[in-house]
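Enquirer: For reference, the structure I am asking about is given below.
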Amino acid sequence: MTKFKRILLAAALGLPFAGQAMAQTKIEGLHVWTSASEVGALKVITDKLKTMGFEWQDSAVGGANGANAQQALRTRVAAGNPPAVMQFLGFEGLGWAKEGVLRSLNDLYAKNGWKDALPPVMLQFLQQDDTFFSTPINMHRQNWVWANKAVFDKAGIAIPTSWDELIASAEKLKAIGVTPIAMSDESWQIEELFESMLIDVNGPDFYKKAAIDLDETALSSPEMIKTFELLGKVRGLHDAGFTGRDWAAATNLVANGQAGMQIMGDWAKGEFLAKGMKPGADFLCFPTPTATPNYKFVFDTFGGFKIKNADIEKGQDAVAEAIMDPEVQKKFNLIKGSIPARLDVPMDDFDDCAKRSFSDRVAAIKNNAIYGSLTDGFAVEPRFSGVFQDVVGKFFVTDMSAEDAVKSLVDGINNAR
Amino acid sequence: MSRSTPLSNRIENWLPRLVLAPSLLVVLVAVYLFICWTGWISLSSSMIVPKYDFVGLNQYVRLWSTPRWHTAVFNLFVFSTLFLALTTGLGLLMAILLDQKIRVEGTLRAIFLYPMALSFIVTGTAWKWILNPALGVQKVVNDLGWTSFVFDWIAQPTFAIYCVVIAAVWQSTGFAMAIFLAGLRGIDNSVIKAAQIEGASLPLIYRTIVVPMLRPAFLSVIVLLSYIAIKSFDLILALTNTGPGSATEMPSTFMYSATFRRDQMGVGAASAMMMLMTVAAIIVPYLYSELKESRDGQ
């Protein structure tokens, strides 16, 4: 009797423990995705994670272009309570890797041959001193023009092949009473335009020297002045209501025909698709015009913080494996509007814009014409890209001369070094 | 029996100190300790996370070589001066007018005070639309027939800061009015009556008797408004987001972007110390003179 009771008791006590072991380990992920398509895309990863036996504990911190999430992360790392997994853009992950707080994923990279599946140009953002610390899920292209096809047809405009042609078509749009270029006076949106001109007009090699190596001769060169002068030509080609406009609001102006085109990364595509518009038929997507084809990228990665807990470490590995799963990358990017980070994902189910992005990427890798976007933090560290943003933003909204702009750019970069 | 009296006395002596001790401790740690910590960081080479080395005044040199910081300091000066002058002036005027024993005073007071109930984010967003030339005032006037009317200050780098002043004054005037009104109600009517009997005109009475008697109210209003002016952060972010082209940058937004967006924690800390010194340079002498006089008066 007593023995039986004891067994019962042990069973009763043991069961909850057994149950806990069966329950899925929670893996907390801090990220900035809050819009409908972003949340939908993330669900592809978390669903996969669930089948691998881990539950995603969502910590979304949106707002302020990711600055809020960075602030939250800093506080938590300082308090010794980092999230298991964190989303990184640009140099953010490298900064933390240098602090030595991120877990190495070298074993997984070696075991699965991930290094060879990714564009080589990505690797510098995924590793610090030969230690891989994050995995990329996607790749956005920054240098796109989004245009309303009906408006283009009405004004009799073909797809421009140079920036001069693009500006000439903008004048035609103005003549038929349409806002030529949908934009905002927010400095970063102006910088999207500027950095496209910088690489398109001067070529990828110059872009690398000026915007990535921050070479002082290149920064103060006549080419730089020429680029600012070109940007100056766009000054009158927007509407009066561009103050403080959200990028998505600008995209919507193009979508509903109030404006002709927008220069923005392919996160803008979702706004057209959400209205049921079809690429090629209702809206056009084409790379910013240039004689030297190039590809400017932005991508999202996830890395894990060092946490002394074997279950969480397994979970961090599972997140990395889920992200690098070709099927997950395909489904994720169909929703998010970007293309898979992996080079070996079949593109058959994607739309024409994504297919174009994919094939242009292959060509750009071959021609050494693929570089990180300056505005979105993939060219230089934020303290430098901030200077570009300050100068370009100020130049555009004032009557500053191109020479003065170049001078304050050089001074600002040197001051931030 | 004989020992209970000293005990209750002792409790009476210690109770205020006991009650104040936790808040004093919190203030010491959360305010003064962190001021010292920020000062220390401003002398270090900290970038993404704090680093405890010493680089002298390098970060201050870097700060003062940043044109955006000059804009921020200039804007703070323009904004605070105009904001304080307009809010205090309009608030006082409204309080005096409301104090004339008018009929719907309660309703009017509520209407004027209502903007204070909004957060600066709401005020900023609303005024962003009102001031947008394609949506707000300019469009309304244009649609009414006056097509050449232009009011696009918010798009003009030289005028955008005045838009921030307009929104901030709109929000805070009611608050200043409420404090002045309370001050006016505290003034003994017999003083005014005596002056009237002496034949003084109403404007003269207000200028020479009533307004000087409102000194404590002025102290509260000025201290509270300066603090709103210096920490004006949410209003800027919602209204202009420091644009166009950093034209409405403020020290507070500069500090935030340096520390959290641009990985320049040392520069951010240096800018915070500059803000503290500026505030201290203005507020401390003012508080000192005001509080000293009141103590002398007693």
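The values are calculated or read from the model by the stated rules, or taken from the named source; none is laboratory data. Small disclaimer: the values here were computed from a predicted structure and weren't measured. Here the Cβ is made from the backbone with ideal geometry for all residues, glycine too, and neighbour counts use every protein chain on show.
Enquirer: With the structure loaded, tell me whether B:Ala85 is modelled with pLDDT of 90 or more and either buried (at least 21 other Cβ atoms within 10 Å of the Cβ) or among the hydrophobic types (A, V, I, L, M, F, W, C) (or both) or whether it fails that test. Outline the logic, then answer.
Expert: Numbers: modelled with pLDDT of 90 or more: yes; either buried (at least 21 other Cβ atoms within 10 Å of the Cβ) or among the hydrophobic types (A, V, I, L, M, F, W, C) (or both): yes.
Against the criterion (modelled with pLDDT of 90 or more and either buried (at least 21 other Cβ atoms within 10 Å of the Cβ) or among the hydrophobic types (A, V, I, L, M, F, W, C) (or both)), B:Ala85 qualifies.
Enquirer: Another question about this same structure. For the structure I just gave you, tell me whether B:Val169 is more than 14 Å from every other protein chain (Cβ to nearest Cβ) and more than 23 Å from B:Phe112 (Cβ to Cβ).
Expert: no
Enquirer: Another question, if that's okay. I need the full set of residues from segment A:300-324 which are part of a loop (DSSP other than H, G, I, E, B) and at pLDDT 95 or above, in order please.
Expert: Matches in segment A:300-324: A:Met324 only.
Enquirer: Restricting the search to segment B:41-70, which residues are within 25 Å of the chain's Cα centre (by Cα) and either within 11 Å of another protein chain (Cβ to nearest Cβ) or outside any helix (DSSP H, G or I) (or both)?
Expert: Result: B:Leu63, B:Trp64, B:Pro67, B:Arg68, B:Trp69.
Enquirer: Out of all the residues in segment A:94-106, is one or more more than 10 Å from chain B (Cβ to nearest Cβ) and over 14 Å from A:Gly303 (Cα atoms)? Steps first, answer last, please.
Expert: So in segment A:94-106, the residues more than 10 Å from chain B (Cβ to nearest Cβ) come out as A:97, A:100, A:102-106.
Filter once more, keeping what is over 14 Å from A:Gly303 (Cα atoms): none.
Scanning segment A:94-106, I find no residue that is more than 10 Å from chain B (Cβ to nearest Cβ) and over 14 Å from A:Gly303 (Cα atoms), so the answer is no.
Enquirer: Taking interchain pairs and intrachain pairs at least six residues apart, which have beta carbon atoms under 9 angstrom, with the first residue in segment A:385-404 and facing chain B (nearest Cβ under 7 Å) and within 21 Å of A:Ile212 (Cα to Cα) and the second of a type in the set (A, V, I, L, M) and assigned to a helix (DSSP H, G or I)?
Expert: Pairs found: A:Gly386/A:Ala416; A:Gly386/B:Ala258; A:Asp390/A:Leu409; A:Gly393/A:Ile190.
Enquirer: Looking only at segment B:234-246, filter to residues that are within 7 Å of chain A (Cβ to nearest Cβ) and buried (at least 24 other Cβ atoms within 10 Å of the Cβ); which one of those is farthest from A:Val380 (Cα to Cα)?
Expert: B:Thr240
Enquirer: Enumerate the helices (runs of 4 or more DSSP H) found wholly within segment A:1-88, keeping only those where 1 or more residues are at pLDDT below 90 and within 22 Å of the chain's Cα centre (by Cα). Break it down into steps so the answer makes sense when it comes.
Expert: Numbers: elements: A:2-22, A:36-51, A:67-78.
Ranges flagged: A:36-51, A:67-78.
Enquirer: Have a look at B:Met255, B:Met250, B:Met265, B:Met273 and point out the one that is farther than 20 Å from B:Pro157 by Cα, away from chain A (no Cβ under 14 Å) and at pLDDT 85 or above. Give the derivation first.
Expert: Details: B:Met255 fails: away from chain A (no Cβ under 14 Å); B:Met250 fails: farther than 20 Å from B:Pro157 by Cα; B:Met265 fails: away from chain A (no Cβ under 14 Å).
Of the residues listed, the single one that is farther than 20 Å from B:Pro157 by Cα, away from chain A (no Cβ under 14 Å) and at pLDDT 85 or above is B:Met273.
Enquirer: If we scan segment A:339-351, do we find a residue that is under 17 Å from the mean Cα position of the chain (by Cα), more than 30 Å from B:Thr158 (Cβ to Cβ) and not in a loop (DSSP other than H, G, I, E, B)?
Expert: yes
Enquirer: When you look at B:Ile179, is it touching a residue at least 12 places away in the same chain (Cβ under 8 Å), in a helix (DSSP H, G or I) and over 27 Å from B:Asn75 (Cβ atoms), yes or no?
Expert: Taking the combined requirement at face value, the residue does not satisfy it.
Enquirer: Additional query: Can you find a residue that is buried (at least 18 other Cβ atoms within 10 Å of the Cβ), in a helix (DSSP H, G or I) and of a type outside the set (Val, Ile, Thr) anywhere in segment A:362-378?
Expert: Among the residues of segment A:362-378, at least one is buried (at least 18 other Cβ atoms within 10 Å of the Cβ), in a helix (DSSP H, G or I) and of a type outside the set (Val, Ile, Thr), which makes the answer yes.
Enquirer: Right, something else. Mind listing whichever residues of segment A:176-222 are in a loop (DSSP other than H, G, I, E, B), buried (at least 19 other Cβ atoms within 10 Å of the Cβ) and among the small types (Gly, Ala, Ser)?
Expert: Of everything in segment A:176-222, those that are in a loop (DSSP other than H, G, I, E, B), buried (at least 19 other Cβ atoms within 10 Å of the Cβ) and among the small types (Gly, Ala, Ser) turn out to be A:Ala182, A:Ser184.
Enquirer: Being in contact with a helix residue (DSSP H, G or I) (Cβ under 9 Å, 6 or more places away or on another chain), polar (S, T, N, Q), away from every other protein chain (no Cβ under 14 Å) and outside any loop (DSSP other than H, G, I, E, B): is that true of B:Thr38 here?
Expert: yes
Enquirer: Exactly one of these conditions fails for A:Ala97: (1) closer than 30 Å to B:Ile121 by Cβ; (2) surrounded by 20 or more Cβ atoms within 10 Å (Cβ to Cβ). Give me its number.
Expert: Every listed condition holds for A:Ala97 apart from (1).
Enquirer: Just the residues that are in a loop (DSSP other than H, G, I, E, B), over 19 Å from the mean Cα position of the chain (by Cα) and touching a residue at least 12 places away in the same chain (Cβ under 8 Å), please, taken from segment B:111-135.
Expert: Correct list: B:Asn132, B:Pro133.
Enquirer: Considering each residue of segment B:41-67, count those that are surrounded by 14 or more Cβ atoms within 10 Å (Cβ to Cβ) and of a type in the set (Phe, Trp, Tyr), and give that number.
Expert: So the count comes out to 2.
Enquirer: Which members of segment A:231-253 meet the condition of being buried (at least 18 other Cβ atoms within 10 Å of the Cβ) and not in a loop (DSSP other than H, G, I, E, B)?
Expert: If the condition is that a residue be buried (at least 18 other Cβ atoms within 10 Å of the Cβ) and not in a loop (DSSP other than H, G, I, E, B), then A:Leu231, A:Gly241, A:Phe242, A:Trp247, A:Ala250, A:Thr251, A:Asn252, A:Leu253 are the ones that fit.
Enquirer: Specify the residue that is modelled with the lowest pLDDT; the eligible residues are those in segment B:187-213 that are assigned to a helix (DSSP H, G or I) and polar (S, T, N, Q).
Expert: B:Asn189
Enquirer: Considering A:Ala117, A:Ala79, A:Ala84, which residue is touching a Gly at 6+ places or on another chain (Cβ under 7 Å) and of a type in the set (Gly, Ala, Ser)?
Expert: After applying the criteria, what remains is A:Ala84.
Enquirer: Within segment A:74-93, how many residues turn out to be more than 10 Å from chain B (Cβ to nearest Cβ) and of a type in the set (A, V, I, L, M, F, W, C)? Show your work before the answer.
Expert: Initial filter on segment A:74-93 (more than 10 Å from chain B (Cβ to nearest Cβ)): A:75-76, A:79-90, A:93.
In the following step, the residues that additionally are of a type in the set (A, V, I, L, M, F, W, C) were identified as A:79, A:84-86, A:88-89.
Result for segment A:74-93: 6.
Enquirer: I'd like the residue in segment B:226-251 that is part of a loop (DSSP other than H, G, I, E, B) and of a type in the set (Val, Ile, Thr) and, out of all such residues, is nearest to B:Val122 (Cα to Cα).
Expert: Per the criteria, the residue is B:Thr240.
Enquirer: Then there is this: Within segment B:93-101, does at least one residue satisfy the condition of being within 14 Å of chain A (Cβ to nearest Cβ) and either within 24 Å of A:Thr243 (Cα to Cα) or surrounded by 14 or more Cβ atoms within 10 Å (Cβ to Cβ) (or both)?
Expert: Scanning segment B:93-101, I find no residue that is within 14 Å of chain A (Cβ to nearest Cβ) and either within 24 Å of A:Thr243 (Cα to Cα) or surrounded by 14 or more Cβ atoms within 10 Å (Cβ to Cβ) (or both), so the answer is no.
Enquirer: Which of the following residues is farther than 30 Å from B:Met213 by Cβ and either of a type in the set (Val, Ile, Thr) or free of Cβ contacts under 8 Å to residues at least 24 places away in the same chain (or both): B:Thr88, B:Thr107, B:Thr71?
Expert: Testing whether each residue is farther than 30 Å from B:Met213 by Cβ and either of a type in the set (Val, Ile, Thr) or free of Cβ contacts under 8 Å to residues at least 24 places away in the same chain (or both) leaves just B:Thr71.
Enquirer: Those residues that are more than 14 Å from chain A (Cβ to nearest Cβ) and not small (Gly, Ala, Ser), I need them from segment B:109-122; list them, please.
Expert: Selection gives B:Arg109, B:Ile111, B:Phe112, B:Leu113, B:Tyr114, B:Pro115, B:Met116, B:Leu118, B:Phe120, B:Val122.
Enquirer: Out of all the residues in segment A:295-323, which are under 21 Å from the mean Cα position of the chain (by Cα) and under 21 Å from A:Arg76 (Cβ atoms)?
Expert: A:Asp300, A:Thr301, A:Phe302, A:Gly303, A:Gly304, A:Val319, A:Ala320
Enquirer: Looking at segment A:131-165, which of its residues are free of Cβ contacts under 8 Å to residues at least 12 places away in the same chain and part of a strand (DSSP E or B)?
Expert: Result: no residue meets the conditions.
Enquirer: Among the residues of segment A:340-360, is any in contact with a strand residue (DSSP E or B) (Cβ under 6 Å, 6 or more places away or on another chain), crowded, with 24+ Cβ neighbours inside 10 Å and within 30 Å of A:Gln57 (Cα to Cα)?
Expert: Yes, that holds for at least one residue.
Enquirer: In addition: Exactly one condition in (1) touching a helix residue (DSSP H, G or I) at 6+ places or on another chain (Cβ under 9 Å); (2) of a type outside the set (S, T, N, Q); (3) not assigned by TED's automatic domain parsing to the domain that holds A:Ser37 is not met by A:Gly276; state its number.
Expert: (1)
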